[in-house]
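Each value in this text was obtained by applying a stated rule to the coordinates, not by laboratory testing. Computed from a predicted model, the values in this text were never measured in an experiment. Ideal geometry is used to build each Cβ from the backbone, glycine not excepted, and the neighbour counts take in all protein chains shown.
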Amino acid sequence: MKANKDKVYLGRQPIFDRQQNLVAYELLYRSGDVAEARVTNDAAATAEVIRRSFKRFGIETVLGDCAGFFNVDAEMLFSRRIDALPTARVVLELLETVVITPALVARCRELKERGFRLALDDFSAYHDCYEPLLEIVDIIKIDLPLLDQAALATLVRRLKPYPGKLLAEKVETWARVNECMALGFEFFQGFVLARPSVLIS
């Protein structure tokens, strides 16, 4: 379906806990009533998601009692737009394209001290460069399609010393849900549980 230039679209993909309670939504840029969007500028897309969530729809309509995961790149992380977000409702999801620098880690620590929660997106392999972020992030989103059963178990063992809770993303079968449950994952996101929906205003 083509976008109506007078309408505003916002994607939401539910996130569930171990009891299958809805606890959060990942908020996604959409240019129309479609399942996916081609994003060429991450910061601009996130800025538009924030604008739509808080101004056009209203945060209660978008999130209800749930938290909202917002994708952020380095540009958005340092942007003043972040300062206006309600810390109690927002999880800042660091895109896998973010280059980890001392300045970025310092900014993340500052945002944590102000009450924001942080998540690492699309995590599939441990590297030493991640350690400063792994020490402070609240949630680690594991990209399941990139990991077979053995690789997933190895990665989970490697992450156990860190405080972040594990979120299984792109879960497509109940077998993988059960596998992740056994490994101690706290949160789940994927088509087997719920597909993204699009809010239209």
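Annotations
- Among residues other than residue 165 with Cβ under 9 Å from its Cβ, the summed charge is -2 (Lys and Arg +1, Asp and Glu -1).
- Additional length obtainable on full extension of the chain from residue 110 to residue 154, 0.36 nm per residue less Cα span: 12.7 nm
- 12 Å beta-carbon shell around residue 190, net charge (K/R +1, D/E -1): 0
- Exposed loop sites are taken as chymotrypsin sites (Phe, Trp or Tyr not before Pro) in a DSSP loop (any state but H, G, I, E or B) with at most 15 other beta carbon atoms within 10 Å; the longest stretch of the chain without one runs 1-77.
- Based on C-alpha pairs under 8 angstrom that are at least 6 apart in sequence, segment 9-200 has a relative contact order of 23 percent.
- The GNM of the chain, with springs linking C-alpha atoms under 10 angstrom apart, assigns the highest mean-square fluctuation among 14, 161, 86 to 161.
- Amide H contacts under 5 Å for residue 165, placed H, 5+ residues apart: 139, 140
- Gyration tensor verdict on segment 9-200 (Cα atoms; rounded if a/c is under 1.5, prolate if a/b is larger than b/c, oblate otherwise): oblate
- Between residue 60 and residue 20, the distance separating the two model label sites (each 7 Å from Cα on the Cα→Cβ line) works out to 3.0 nm.
- GluC sites (Glu not before Pro) lying in DSSP loop within segment 40-140, provided at most 16 other Cβ fall within 10 Å: 96, 135
- Other-chain or far-sequence residues with amide H under 5 Å of residue 69's (modelled H): 25, 26, 27, 91
- Global form of segment 114-201, assessed from the alpha-carbon gyration tensor, a/c cut-off 1.5: oblate
- Backbone N under 13 Å from the residue 7 label point (7 Å along Cα→Cβ), restricted to segment 158-200: 198-200
- Pairwise centroid distance, computed over Cα atoms, of segment 136-172 with segment 97-116, Å: 21 Å
- Antiparallel DSSP beta bridges within segment 9-200, as percent of all bridges there, nearest 5: 35 percent
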